[in-house]
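So the structure is just underneath, and the comments pick up after that.
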Amino acid sequence: MSLLLSNAAAGQDAPAPARNAAPAPVRFLLTFDDGPAAADSDNPTVHILETLARNPLQDNIKAVFFTQTRAWHGGGTETGRALIKREHDEGHIVALHSATLFHSNHRFMSKKTLDESMQKGVDDLVGVTGVAPKLVRPPFWAYDAETLESYRQHGMRMLLTDLNANDGKIYGINFSWHKRSNMLTHLAETRKRWAAGAMPVVDGSTPVVVTFHDVNTYTSRHIQEYMDILIDVARELDVPLAAKPFYDDRDELERAALASTVTSADAKPQLPGLWNWLWQ
Ligand SMILES: [Zn+2]
């Protein structure tokens, strides 16, 4: 009887089983943390903006910038604020990473301090771009239920990452000999979730979030090479790419990013490097 019922329930209204459907092609969702940089000349954030706008792979790529609005050597300076405005004006998404002088851990803050810090970050970005941020990424990928609740109360959702260049100046390697093998390893892991139909599909594509650090001068000098590597490792792993492999429309980018956010502390996504091990 229950079998009959479940067969009936699987009638015309039921969605097609994901297993039989080919997963939607992948689109790389580029994100940049810790910026903007404050350098007056040879500024790495500027170089990244210029490369995203014009390069041999795809012009006018739009990215998400997780900014540190009060960083003493970055977002808290006149140059930094001008770059945050430029990111917004050029059609990128400006999001929040921190509103502290340093790269402070949100999970180690009291609820009151974190709430105040999130409010400052939102106010800072509204002041510069006129738009409240909808996305936040925790420094050191460190969060818990209380962190997520504070984000939610300030109108933001948390975006983690699928692929990571491991180029963080603060905790990572500034110079990597292994850019390609690193991306290959990360995409091979992501591919398993993609093939299992476990990733969101938005506007016909599967967003794959990639993290870089725009304050890193090595990254900025090699960003085009990194983009080449992404295309190349997708080919090697037989991961089909969307006709435009990178996002080039802010609204579409925002839909893809919001669909990729983590809203529950019970979800334990794979974090880059040793961070799962460290935070458990
Ligand atoms: Zn960071």
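The values are calculated or read from the model by the stated rules, or taken from the named source; none is laboratory data. No experiment lies behind these values; they were computed from the predicted model shown. Glycine also receives a Cβ, built like all others from the backbone with ideal geometry; neighbour counts cover every protein chain displayed. Keep in mind that these areas ignore ligands, DNA and RNA; they rest on the heavy atoms of the full protein, side chains included. Shrake-Rupley method; radii C 1.70, N 1.55, O 1.52, S 1.80 Å.
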Which of (1) at pLDDT 95 or above; (2) closer than 30 Å to Ile231 by Cβ is the odd one out, the single condition Ala18 does not satisfy? (1)
Single residue of Asn43, Asn60 found to be in contact (Cβ under 8 Å) with a residue 40 or more places away in the chain, open to solvent by 40 Å² or more (accessible area, probe 1.4 Å) and not β-branched (Val, Ile, Thr): Asn60
Going through the range 180-197 one residue at a time, which ones are of a type in the set (Val, Ile, Thr) and without any contact (Cβ under 8 Å) to a residue 24 or more places away in the chain? Thr185
Looking at (1) closer than 27 Å to Ala265 by Cβ; (2) touching a residue at least 40 places away in the same chain (Cβ under 8 Å), which one does Gly91 not meet, given that it meets all the others? (1)
Does the range 70-82 hold any residues that are open to solvent by 10 Å² or more (accessible area, probe 1.4 Å) and either within 9 Å of Gly35 (Cα to Cα) or not small (Gly, Ala, Ser) (or both), and which are they? Arg70, Trp72, His73, Thr77, Glu78, Thr79, Arg81
Got at least one residue in the range 129-141 being of a type in the set (S, T, N, Q), within 15 Å of the ligand (Cβ to nearest atom), touching a helix residue (DSSP H, G or I) at 6+ places or on another chain (Cβ under 9 Å) and open to solvent by less than 40 Å² (accessible area, probe 1.4 Å)? no
For Ser117, work out the one condition from (1) closer than 19 Å to Phe32 by Cα; (2) within 16 Å of the ligand (Cβ to nearest atom); (3) open to solvent by less than 50 Å² (accessible area, probe 1.4 Å) it doesn't fulfil. (1)
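Look at Pro245 and say whether it is touching a residue at least 12 places away in the same chain (Cβ under 8 Å) and farther than 30 Å from Val131 by Cβ. Before you say what the answer is, go through the steps one by one.
Details: touching a residue at least 12 places away in the same chain (Cβ under 8 Å): yes; farther than 30 Å from Val131 by Cβ: no.
Here the answer is no, as Pro245 does not meet what is asked.
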Return yes when Gly11 is assigned to a loop (DSSP other than H, G, I, E, B), within 16 Å of the ligand (Cβ to nearest atom) and either at pLDDT below 95 or within 22 Å of Ala257 (Cβ to Cβ) (or both) and no when it is not. no
Can you go through Gly80, Gly75 and tell me which one is over 18 Å from Met156 (Cβ atoms) and either in contact with an Asp or Glu (Cβ under 9 Å, 6 or more places away or on another chain) or not basic (Lys, Arg) (or both)? Gly80
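The rows are residues; the columns are (1) within 21 Å of Leu258 (Cα to Cα); (2) open to solvent by less than 10 Å² (accessible area, probe 1.4 Å).
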{"residue": "Thr190", "(1), (2)": "yes, yes"}
{"residue": "Trp194", "(1), (2)": "yes, no"}
{"residue": "Met199", "(1), (2)": "yes, no"}
{"residue": "Arg221", "(1), (2)": "no, no"}
{"residue": "Gln224", "(1), (2)": "no, no"}
{"residue": "Asp232", "(1), (2)": "no, no"}
{"residue": "Arg235", "(1), (2)": "no, no"}
{"residue": "Asp238", "(1), (2)": "no, no"}
Can you tell me which residue within the range 88-113, out of those that are more than 16 Å from the ligand (Cβ to nearest atom) and buried (at least 22 other Cβ atoms within 10 Å of the Cβ), is farthest from the chain's Cα centre (by Cα)? His92
The condition of being among the aliphatic types (A, V, I, L, M), touching a helix residue (DSSP H, G or I) at 6+ places or on another chain (Cβ under 8 Å), closer than 22 Å to Leu258 by Cβ and crowded, with 17+ Cβ neighbours inside 10 Å holds, among Val209, Val215, only for Val209
